[in-house]
Structures are given as C-alpha cells and as structure tokens.
1. Inspect the range 80-102 for any residue being in contact with a strand residue (DSSP E or B) (Cβ under 7 Å, 6 or more places away or on another chain), modelled with pLDDT of 95 or more and not in a loop (DSSP other than H, G, I, E, B) and give the result as yes or no.
2. With ARG18, ARG4 as the choices, which residue is touching an Asp or Glu at 6+ places or on another chain (Cβ under 7 Å), touching a residue at least 12 places away in the same chain (Cβ under 8 Å) and surrounded by fewer than 19 Cβ atoms within 10 Å (Cβ to Cβ)?
3. State whether the residues of the range 158-174 include one that is open to solvent by 60 Å² or more (accessible area, probe 1.4 Å) and not in a helix (DSSP H, G or I).
4. Can you find a residue that is within 16 Å of the ligand (Cβ to nearest atom), buried (at least 17 other Cβ atoms within 10 Å of the Cβ) and touching a residue at least 60 places away in the same chain (Cβ under 8 Å) anywhere in the range 116-139?
5. Test of understanding: among GLU52, GLU29, which residue is open to solvent by 30 Å² or more (accessible area, probe 1.4 Å), more than 14 Å from the ligand (Cβ to nearest atom), among the acidic types (Asp, Glu) and outside any strand (DSSP E or B)?
6. Being open to solvent by 50 Å² or more (accessible area, probe 1.4 Å), in a helix (DSSP H, G or I) and not hydrophobic (A, V, I, L, M, F, W, C): is that true of GLU40 here?
7. Out of all the residues in the range 78-115, which are in contact with a Phe, Trp or Tyr (Cβ under 7 Å, 6 or more places away or on another chain) and in contact (Cβ under 8 Å) with a residue 60 or more places away in the chain?
8. Could you run through the range 63-90 and say how many residues are open to solvent by 20 Å² or more (accessible area, probe 1.4 Å) and within 14 Å of the ligand (Cβ to nearest atom)?
Amino acid sequence: MPQRILLILAHPAQRRSRVNAALRAAAAELEGTTLHDLYEAYPDFMIDVDREQALLLEHDTVVFQHPLYWYSCPAILKEWLDLVLEHGFAYGRAGTKLSGKGWMTAISTGGTGHAYSPDGLNRHSIHDFLRPFEATARLCHMRWHPPFVVHGTHLLDGAALARQGAAYRQRLLALRDEPELAAAPGHR
Ligand SMILES: Cc1cc2nc3c(=O)[nH]c(=O)nc-3n(C[C@H](O)[C@H](O)[C@H](O)COP(=O)(O)O)c2cc1C
C-alpha cells in the first residue's frame, strides 16, 4: 500500500530560499503527497491544533523539511511540535494516535559535511544534532527514517541544486512506495 505523505515545510523566508525552494519544487505534485507550508498557513503563529492533528491522522508518514537554524528547526516548527504533539494524542498512556507512522526530517545546512564531523567546526555529526527529533519520534511511537540532508548550501550551484532535488524526489518516492526499505534498522 502506498504511504500517504504529509510534507510539512518550515522556512521563514521562502523568497530568499535556494535549497528548500528547489526541494519543494521537486516534491510538488508528487502523487500521494500533501504539501503543508507552516509559515504560509500560520503567518501569525496561531497554529490550529485540531486541524494539524486531523492532517496527521490522514497521513502515514510525515516529512519535516526545513533549513537547520541554530542546530535546530525554525521557530514555527518548534511551536508546532509543542502544541500539536499533545499528551493523550501523541504520547502518554492513551496517546497512541501516531503509532507506527513514519517520520523523516529533510534539512539543509550551511555547514559542509566536514563541518559536521569529529574534527570539523561543529564537532558532532548531523545525526547527533537531530537526536531531539529522533527522540520525539520515538516517544510518539513513530518510525524514524534516516534524514535527507543537504550540506554546504552556499556552495551549491544550479546543477547541484537540481541533483539534490532529484535525489529528494527519489527519497520521497521510496518513502511512499517502499517504506519498509526506507526505515532505519533498529529504530521503531
Ligand atoms: C537564523 C539562521 C541560523 C542558521 N543556523 C545554522 C546552523 O546552526 N548550522 C548550519 O549548518 N547552518 C545554519 N544556517 C544556514 C542555513 O541552514 C542555510 O542558509 C539554509 O539551510 C539554506 O537553505 P535555503 O536556501 O533554503 O534558505 C543558519 C541560517 C540562518 C538564517
């Protein structure tokens, strides 16, 4: 059964975006995928929790796409996580509504791949920086998929952006059509 994908986008300045704009374009109109731009939907940050929870229930896999900001996500996504993943809905004894759904983070980083290595500027791998999201997925009984990561955003020319867009589209297709293969081994 193809998975229904909810692609949640969080970029506060779409017009200045190169990478996330390219990824968004590559994912647009992918059958079985609902694109949901948080800054567009909630310019005043007044997140409609009921609507967001209903959207989650209608999908099998959630992709959170955003630039890495201060080693984390842009503010609206943090607000979304704080409000939407409620006790009794997403976690806690009766909070099993997201159980078995997939989670994939798709991020872009200004830092290069080397910057996210033990002897690089940031000392830790990108996987280490994503642990809070991975732990959140686990607490919500969701399946953590390996992240889609674009490093060194400022160094990418048009051809490289097109390659990243094509790779992203492939990952989304795999998530949609072969979720078992796309899941990280050992993570539930
Ligand atoms: C407020 C802010 C914080 C940022 N923090 C980080 C960071 O912690 N690590 C990093 O590698 N890049 C960081 N960057 C660079 C962005 O990740 C990069 O510009 C973005 O991924 C490019 O994607 P875009 O073309 O879609 O905007 C930051 C940029 C901004 C504006």
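The values are calculated or read from the model by the stated rules, or taken from the named source; none is laboratory data. Values in this document were obtained by computation on a predicted structure and should not be read as measured data. Here the Cβ is made from the backbone with ideal geometry for all residues, glycine too, and neighbour counts use every protein chain on show. When the accessible area is computed, the model is the full protein with side chains, heavy atoms only, and any ligands, DNA or RNA have been set aside. Shrake-Rupley method; radii C 1.70, N 1.55, O 1.52, S 1.80 Å.
1. Yes, the range 80-102 contains a residue that is in contact with a strand residue (DSSP E or B) (Cβ under 7 Å, 6 or more places away or on another chain), modelled with pLDDT of 95 or more and not in a loop (DSSP other than H, G, I, E, B).
2. From the options ARG18, ARG4, the qualifying one is ARG4.
3. no
4. yes
5. Being open to solvent by 30 Å² or more (accessible area, probe 1.4 Å), more than 14 Å from the ligand (Cβ to nearest atom), among the acidic types (Asp, Glu) and outside any strand (DSSP E or B) holds for just one of GLU52, GLU29, which is GLU29.
6. yes
7. MET104, ALA106
8. Qualifying residue count for the region: 7.
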